[in-house]
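The structure under discussion appears below in the form of structure tokens.
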Amino acid sequence: MENKLTIYNTLTRKKEVFEPINPPHVGMYVCGPTVYGDAHLGHARSGINFDILFRYLKYLGYKVRYVRNITDVGHLENDADSGEDKIQKKARLDQLEPMEVVKYFTDRYHQNMDHLNNLHPSIEPTASGHIIEQIELVKKILENGYAYESEGSLYFDVEKYNHDFQYGKLSGRRIEELLQNTRELAGQEEKKNAFDFALWKKADPKHIMHWPSPWSEGYPGWHLECSAMGKKYLGETFDIHGGGMDLLFPHHESEIAQANAAMGHDPVKYWMHNNMITVNGQKMGKSLNNFITLNEFFTGRHSALDQAYKPMTIRFFILQAHYRSPLDFSTDALKAAEKGMHKLFEAYHLLENLKPSKTSSIEIKSFENKCFEAMNDDLNTPMVIAQLFELAKAINLVNSGRESLTQNDIEQAKALMKLFLFDLLGLKDEKQEDDSELIDYLMGTLLKIRQEAKEKKDYATADMIRNELAKLKIQIKDTKEGAKWSFL
RNA sequence: GGUACCGUGGCCGAGUGGCUAGGCGGAGGUCUGCAAAACCUUAUACAGCGGUUCGAAUCCGCUCGGUACCUCCA
């Protein structure tokens with residue numbers, strides 16, 4: 001592997017050269033959605049960013065096992081482990097079985113991810129399917145003395161843990177500060193300290209999602225599923241754990257604590273976190289009620305949207321920012337992305353008909369080097385895209401005869417575009433294609449009539465044809481080689 | 001209040017000591033019956049004030065402004 005991939009490790013707050021624990025195998029775990037609502041733009045971001053990582057690692061020759069969980073239980077509705085399970089709340093409101101809600105939103109999530117052209121993870125485990133593993137993990141933590149029972153529930157003893165290990169090493173928090181700053185919240189009497197978190201919660205009688213355990217009829221704490229499933233499918237220590245920045249604390253912090261408490265060592269070598277998507281500079285999120293779901297983007301049905309946006313536009317928009325930077329949403333930015341992406345595709349198609357020369361005035365190899373350099377630099381996709389734009393410009397110049405490329409270089413350019421644009425960035429040209437012979441023939445006839453009208457200077461007829469077709473979202477382009485048409 | 005991060009041209013967004021980022025939009029041009037599309041060229045920048053340095057958007061300090069996490073969240 002001549003490519004030196006570096007990734008930013010949240011744990012060390014530095015970029016580090018990526019070296020797998022057991023090459024050529026790589027284990028990566030990414031926190032997936034809680035399936036009680038439609039996925040929004042934020043879910044798209046983490047889905048896409050870790051898809052890029054998955055694709056690139058595979059390209060580099062690693063055998064990657066990519067695990068992304070579905071949280072379908074145990075996610076508490078509000079504060080302090082005393083709230084109501086999110087899935088259950090939604091189920092009660094809709095008069096549905098909890099698992100019906102889970103199925104519905106899981107399917108929609110999958111559909112959205114497919115539209116965004118994200119590859120499927122290798123394994124997609126559900127929390128509800130791993131209750132036994134979670135109970136086993138709790139037992140271990142209890143055995144090792146880092147948990148205590150209270151009223152049928154089990155809590156993680158953060159203070160004791162911090163004594164032997166270090167709670168807060170991922171998020172840079174100190175326990176003394178947590179002590180000072182934790183607010184007074186109701187329903188915490190069972191806990192020794194406000195920052196202790198639930199490993200197992202006893203279900204109250206109203207609670208319909210519950211499982212038997214040695215302690216009570218109940219359900220597992222939120223942080224547990226990732227610890228249990230990561231361990232099960234990737235081992236006690238694995239390479240990469242990813243997720244949104246908002247999960248850094250307390251979720252990932254607690255995962256580290258659970259692993260140490262159970263196994264005595266850290267679970268993960270590289271922690272990666274993608275930044276948030278903002279609207280007018282503010283985080284897009286459920287609590288702020290300013291999120292736009294992916295389905296709303298795809299259909300255009302949302303008051304903040306002026307039109308429908310294609311999944312690839314969303315993907316390109318997201319990839320134009322580095323994953324660790326906040327990304328501000330606006331329809332203008334989205335439109336700019338749409339146009340820019342179109343330009344890249346046009347250049348790619350141009351390569352098919354480019355006239356080769358005896359010599360090349362452009363060095364394709366340097367574009368390639370820069371693209372790899374950018375990918376290796378903590379997945380700098382905006383830099384990759386900038387390089388592809390440069391390449392597109394070069395292709396256009398060759399097309400206009402101002403620069404030249406040999407046949408061999410044209411092939412290289414094509415391979416380069418294909419590799420980065422389609423295989424690694426995972427974009428695809430979604431232009432509506434209707435190449436049925438009938439349409440082709442009809443369009444050919446219409447264009448012929450229009451051409452004849454133009455030759456007779458009957459511009460009224462020529463323009464009428466153009467205008468009528470425009471209503472069908474068919475665009476006529478008069479080029480030097482004659483009129484061409486395409487769907488908008 | 002604690003912790004972390006950020007402030008780049010009309011908009012989005014890379015870069016982090018000296019070398020054009022890029023896209024959208026604007027302006028000019030090529031093409032065209034007109035238009036659209038496409039292509040080419042081009043202008044506009046590093047929040048403010050100090051400091052370090054031969055040299056700072058990039059390092060340091062202060063000020064102002066903003067965001068995230070500290071409670072569920074991608």
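The values are calculated or read from the model by the stated rules, or taken from the named source; none is laboratory data. What you see is a predicted model; the values in this text were computed from it and never measured. Cβ sites come from the backbone with ideal geometry, for glycine too, and all protein chains shown count toward neighbours. Surface areas here come from the heavy atoms of the whole protein model, side chains and all, with no ligands, DNA or RNA. Shrake-Rupley method; radii C 1.70, N 1.55, O 1.52, S 1.80 Å.
Quick notes on this one:
- 33 Å tail of the calculated P(r), segment A:16-274, as % of Cα pairs: 18 percent
- Cα-based radius of gyration for segment A:345-488, normalised by 2.2 N^0.38 Å, reads 1.31.
- Carbon plus sulfur fraction of accessible area for chain A, probe 1.4 Å, in percent: 49 percent
- Hull volume in cubic angstrom per residue (convex hull over the Cα atoms of chain A): 173 Å³
- Modelled FRET efficiency - R0 51 Å, A:Asp164 with A:His302, Cβ distances, 0.05 increments: 0.55
- Relative to the longest principal axis of the Cα atoms of chain A, the long axis of helix A:224-234 lies at roughly 60 degrees.
- For A:Ser122, the shell of other residues with beta-carbons less than 11 Å away shows a net charge of +3, using +1 for Lys and Arg and -1 for Asp and Glu.
- Against chain A, whose longest principal axis comes from its Cα atoms, helix A:41-59 is set at around 80 degrees.
- Building the convex hull from the alpha-carbon atoms of segment A:437-487 and averaging its projection over directions returns 3.4 nm².
- Each principal axis of the Cα cloud of segment A:279-424 was evaluated for its coordinate range; sorted largest first, these ranges are 61, 31, 22 Å.
- Full-stretch length increase - A:Lys232, A:Ala386 - with 0.36 nm per residue and alpha-carbon distance subtracted: 51.4 nm
- MRE, 222 nm, helices only [DSSP H, n ≥ 4, -39500 (n - 2.57), over chain A, to nearest 500]: -13500 deg cm²/dmol
- With a threshold of 18 Å on the Cα-Cα distance, the over-threshold entries among A:Lys140/A:Lys160; A:Lys160/A:Lys232; A:Lys63/A:Lys169; A:Lys365/A:Lys418; A:Lys15/A:Lys231 are A:Lys160/A:Lys232; A:Lys63/A:Lys169; A:Lys15/A:Lys231.
- Here segment A:208-326 yields Rg over Rh of 1.08, to two decimals, using C-alpha coordinates and the Kirkwood radius.
- Chain lengthening between A:Ile21 and A:Glu437 when straightened (0.36 nm per residue, less Cα-Cα): 144.3 nm
- A:His40 accessible area, assembled protein chains, probe 1.4 Å, Å²: 20 Å²
- For chain A, with +1 on Lys and Arg beta carbons and -1 on Asp and Glu, the positive-most of A:Thr71, A:Gly244, A:His302 along the dipole: A:His302
- Accessible area of chain A divided out per residue, in Å², using a probe of 1.4 angstrom: 48 Å²
- Note on A:Asn467 and A:Glu430: the extension gain reaches 10.9 nm, defined as 0.36 nm multiplied by sequence separation minus the Cα-Cα distance.
- Rounded Å value of the spacing that divides the Cα centres of segment A:346-403 and segment A:262-325: 29 Å
- Exposure rank, largest accessible area first [A:Lys473, A:Lys484, A:Lys339; 1.4 Å]: A:Lys339, A:Lys473, A:Lys484
- Compared with the dominant Cα axis of chain A, that is its longest principal axis, helix A:364-376 is turned about 20°.
- Pairwise FRET efficiency - A:Glu176 versus A:Ser287, Cβ, R0 = 41 Å, nearest 0.05: 0.90
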